[in-house]
Every structure is written in structure tokens, then in C-alpha cells.
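No value in this document is a laboratory result; all are computed from the given coordinates. Bear in mind that the values here come from a model prediction, so they are computed numbers and not experimental data. Neighbour counts run over all protein chains shown; Cβ positions are idealised from the backbone, glycine included.
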Amino acid sequence: MQGIGRACGKIILAGEHAVVYGEPALAGSIDRWTQVKIQARPGPLEISTPNTPGTKLQDDPRLLRAFLCVLPEEGFSVQIQGDLWIGRGLGSSASLSTALIRAWNNLQGGTSSQSDLEQQVMQLETVFHGQPSGIDPAVILRQGLVRFERGARPQAQPLTPPKPLRLVVIDSGTAGDTAALVERVRSGHPENDGTIRAIGQLTHRIERALNTPDALGPLLTENHRLLQDLGVSTPTLDRIVEQVLQAGALGSKLAGAGGGGVVIALVDATCEASVLGSMSAAGYRAFATDLPTRATS
Ligand code: PMV
């Protein structure tokens, strides 16, 4: 008896951190995946991944606590696979949670409605991240580009720019700790309020500029400057942003909680190769991807 589930990753185009305080954020799914396979097997729960052979992931207390929200303590083994970078702001925990719940549903021959699934994923996200805004599950479950607003009833509005946005995604080489960075911004309250509101207003302008990449690029870079003001960037992230701009990117920012993780660069056909080339020459791993043009509501 076995069940398989898959889920994609996500990128925050604009509005991270401010979204925690009720401002809008824009985010899209990416074509990178987590796959979870659950198999019935006697004995205590075992969790493994071929990425780190021999590591007993069930020994990670936070991961185990999240998995036990879905699975019983005995009788199953879980294998995690995929090409989504872990801990880099690409939604790896929400992707893993979604894939796990889908695999469990698949094994049991059941289904969950979109809203039930979203609630279940949020429960696991709370184990991983404390008090997340909910943007990651909202995007990953809809697979598209959305405007997300937190609230009593979180809103995820599908966005439909005429053409996909072409991005280069660069790994800064270290992971950021989302819960710690959200806490750092919170502890800077209320001095950070002005910057948070400014990010909210900029996100509205970025949404209006989705149809015009030339206008969009500088606004994304402005978003990075505001994230610097919030104190969530790092010298490495800043250096990558400057380097991709020099290589011709239309705009660039950190994406996700910061403190490490990824930088995104908005590119077009004329600069994509030079941006990828400059990152590879500097020793960073990077890939190009499209943010899709539509989401399921
Ligand atoms: O690093 P990520 O992709 O998990 O970023 C989290 C985004 C924040 O706005 C910083 C936190 C949140 O819960 O929205």
C-alpha cells in the first residue's frame, strides 16, 4: 500500500514581510517540485531523502512534529524527493507539507477540498515557521501568480499578466531563518512601520507594472532597498543584486524572508544569458524560470 503526492515551489515577487502586517504581496508558483511517497511498513515512522542518504529525518524534532499532524507514529515510511532548493525562500516547507497531505490522501483513496487542504497545510506551516502569513500555501495550492492579503479571511486573487515574467533565481549559498527574521522585523516595530507601509504602496505599483517589464524592473530593485531598510538583507544578497544589475538585469531583489536564501533578477531575452553567466562565473548556482500568467482561484 502506497501513496504519492507532489507540490510545486513559489517565489515572492513583492511585499514579503509587509504581508505579515496586512499589506498585499505578489507571488507566483515555480516549476520546481517536492514529491512525497508514503509506504505501509511495520515499525515506527521513518522519513528519508536520497539527497542526504543515511540521515534519519525523523530525528529532526520540528519535522517529526509536522509529520505527526498527518501520519500516525507507527506503520509507515516516507521518502522525500525533488528539485526544490530547501530553506531558500522558495516555499520548501509548504511544498513538502502539501505533497505529504496529498500523498496521505492518495494512500487512503480520499480527497480534500482546496480550503481544507489549505487549512491542513497552514497547520504544518505553523509548526515549521511559528505564525506565517499563509502566502506560501495560497500560491502553491493555486499554482499561478496571485495577490495575497492576510486577514480574518485571507484573500488570494489570481493575477493574469499578458506574458509570463522571466526570472533568474540565484542561491546566495545560505539559508535564512524565516521565523527569526519575522521576529526581527516585529521587534523593530513601530520604527519599521513607515517602511512596511512603503512596501505595501510599492507592491500596488508593482502589480500595476506587471504588463510592462521595463517599468517593473526598477520597482523590484526599489523593493530590495526597502527590505535593506528593514534589516533583512545581507552583504551577500546586496552584492548579488548589484552584480546582476551590472550584468543587465531589468531589476532585482531578495525574495522570501532574507538573511540568506535567494535573489531574483527580472530578465528578458537580451540579458538572460549574461545574468546567468555572471552568476555562474561568481560561483553561485542559478536557474531561469517563468512566473506563470494565471492561477486557479
Ligand atoms: O522565506 P519565505 O519564502 O518563507 O518568506 C516568508 C515571507 C514572509 O513575509 C517573510 C513571512 C510570511 O509568513 O509571510
### Residues that are more than 15 Å from the chain's Cα centre (by Cα) and near the ligand (Cβ under 9 Å from one of its atoms), drawn from segment 115-130
GLY130
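Are any residues in segment 1-36 among the basic types (Lys, Arg) and either surrounded by fewer than 18 Cβ atoms within 10 Å (Cβ to Cβ) or within 11 Å of the ligand (Cβ to nearest atom) (or both), and if so, which ones?
Narrowing segment 1-36 to residues among the basic types (Lys, Arg): 6, 10, 32.
Result: ARG6, LYS10.
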### Query
So how many residues does segment 76-96 have that are polar (S, T, N, Q), within 16 Å of the ligand (Cβ to nearest atom) and touching a strand residue (DSSP E or B) at 6+ places or on another chain (Cβ under 8 Å)?
2
### Task
Look through segment 223-254, keep the residues that are under 18 Å from the mean Cα position of the chain (by Cα) and farther than 17 Å from GLY277 by Cα, and return whichever of them is surrounded by the fewest Cβ atoms within 10 Å (Cβ to Cβ).
SER233
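Check whether at least one residue in segment 130-150 is over 27 Å from LEU96 (Cβ atoms) and either part of a helix (DSSP H, G or I) or not β-branched (Val, Ile, Thr) (or both), and report yes or no. Walk me through how you get there before you give the answer.
Filtering segment 130-150 down to residues over 27 Å from LEU96 (Cβ atoms) leaves none.
For segment 130-150, residues over 27 Å from LEU96 (Cβ atoms) and either part of a helix (DSSP H, G or I) or not β-branched (Val, Ile, Thr) (or both): absent.
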